[in-house]
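Chemist: Sharing a structure here in structure tokens format.
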Amino acid sequence: MQRFFDIFFSLTALIVLIPIFVVVILILKFTGEGEVFFKQARVGQNLKSFNLYKFVTMKKNSPNIASGTITVKNDPRILPLGKYLRKTKINELPQLFNILLGEMSLVGPRPLTSQTFNLYSQRHRRIITKVRPGLSGLGSVIFRDEESILNNEIDGPEFYKKSISQYKGLLEIWYIKNANLKNYFKIIFITIWVVIFPSSINIFKIFPGLPKPPSGLDFLISDSQS
């Protein structure tokens, strides 16, 4: 049933968003470095690799320089238009095609590069890859301002490895164990809501059974209550 809604909502969104796609494609084509789509291998269901699509927001070869696949606030690799695309999440929209191809779902664990995926424990990796990865999910919503969080740390990449990635793993596992249409629709609604009204929803009250953030990330609960 979830697959039916994935296809229905993705097709509907693509039709409605055609004007936005056209405008973004034209601007990217004639500004920045002339690239429109960013393609990157991600770990999918059953450990099968697939190419995830986004609108370009960073300079060429960015994954191989500076902080690699981890992006921090005011990252110098981000293009001028890229800042707006990332803030509004418009850069993620081409993944609607990944959903139609059956490589992703609207909701699920966020698909990661093999480098970042391997930061999860072996047990978490085994469970997470049992389902399709998602365009959005609990980790995506709770860490929607991840770049700012990393920017406040002396060693952002190290903090990501030791704290953020581990907590994200717990969130992904929680969703998989509690996956149903009710939570599917709740996350879709929350995703749209926080894009329009950032920091205006308490996700820990909407999902009261969520794992508590570890020390260093406990501000996530207070932030969601503000």
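The values are calculated or read from the model by the stated rules, or taken from the named source; none is laboratory data. Computed from a prediction, not measured in an experiment: that's the story for all the values here. Please note: Cβ atoms are built from the backbone with ideal geometry, for glycine as well, and neighbour counts cover all protein chains shown.
Chemist: Quick one: in the stretch 134-185, of everything that is within 25 Å of F9 (Cα to Cα) and among the β-branched types (V, I, T), which residue is surrounded by the fewest Cβ atoms within 10 Å (Cβ to Cβ)?
Modeler: Selected residue: I176.
Chemist: Would you confirm whether any residue within the stretch 101-117 is buried (at least 20 other Cβ atoms within 10 Å of the Cβ), modelled with pLDDT of 95 or more and of a type in the set (S, T, N, Q)?
Modeler: Looking for residues that are buried (at least 20 other Cβ atoms within 10 Å of the Cβ), modelled with pLDDT of 95 or more and of a type in the set (S, T, N, Q), one finds at least one in the stretch 101-117, hence yes.
Chemist: Starting from the stretch 132-146, take each residue that is of a type in the set (D, E, K, R) and list its partners that are buried (at least 24 other Cβ atoms within 10 Å of the Cβ) and part of a strand (DSSP E or B), counting only C-beta distances under 9 angstrom and pairs at least six apart or across chains.
Modeler: Note: pairs meeting the criteria are R132/S105.
Chemist: Look at L119 and say whether it is of a type in the set (A, V, I, L, M), more than 16 Å from N46 (Cα to Cα) and over 12 Å from the mean Cα position of the chain (by Cα).
Modeler: Numbers: of a type in the set (A, V, I, L, M): yes; more than 16 Å from N46 (Cα to Cα): yes; over 12 Å from the mean Cα position of the chain (by Cα): yes.
Here the answer is yes, as L119 does meet what is asked.
Chemist: Kindly indicate whether any position in the stretch 186-202 is buried (at least 19 other Cβ atoms within 10 Å of the Cβ) and among the aromatic types (F, W, Y).
Modeler: So far as the stretch 186-202 goes, no, none of its residues is buried (at least 19 other Cβ atoms within 10 Å of the Cβ) and among the aromatic types (F, W, Y).
Chemist: Starting from the stretch 17-36, take each residue that is farther than 20 Å from K59 by Cα and list its partners that are of a type in the set (V, I, T) and not in a loop (DSSP other than H, G, I, E, B), counting only C-beta distances under 7 angstrom and pairs at least six apart or across chains.
Modeler: Close Cβ pairs (under 7 Å, with a partner that is of a type in the set (V, I, T) and not in a loop (DSSP other than H, G, I, E, B)) amount to I20/I90.
Chemist: Does I192 qualify as being out of contact with any Lys or Arg (no Cβ under 9 Å at 6 or more places or on another chain), part of a helix (DSSP H, G or I), more than 14 Å from G108 (Cβ to Cβ) and of a type in the set (V, I, T)? Outline the logic, then answer.
Modeler: Details: out of contact with any Lys or Arg (no Cβ under 9 Å at 6 or more places or on another chain): yes; part of a helix (DSSP H, G or I): yes; more than 14 Å from G108 (Cβ to Cβ): yes; of a type in the set (V, I, T): yes.
For I192, the condition - out of contact with any Lys or Arg (no Cβ under 9 Å at 6 or more places or on another chain), part of a helix (DSSP H, G or I), more than 14 Å from G108 (Cβ to Cβ) and of a type in the set (V, I, T) - is met.
Quick grid of which residues meet (1) touching a His at 6+ places or on another chain (Cβ under 8 Å); (2) farther than 23 Å from R125 by Cβ; (3) among the polar types (S, T, N, Q):
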position: I164; (1), (2), (3): no, no, no
position: G169; (1), (2), (3): yes, no, no
position: W174; (1), (2), (3): no, no, no
position: N178; (1), (2), (3): no, no, yes
position: N183; (1), (2), (3): no, no, yes
position: I192; (1), (2), (3): no, yes, no
position: I203; (1), (2), (3): no, yes, no
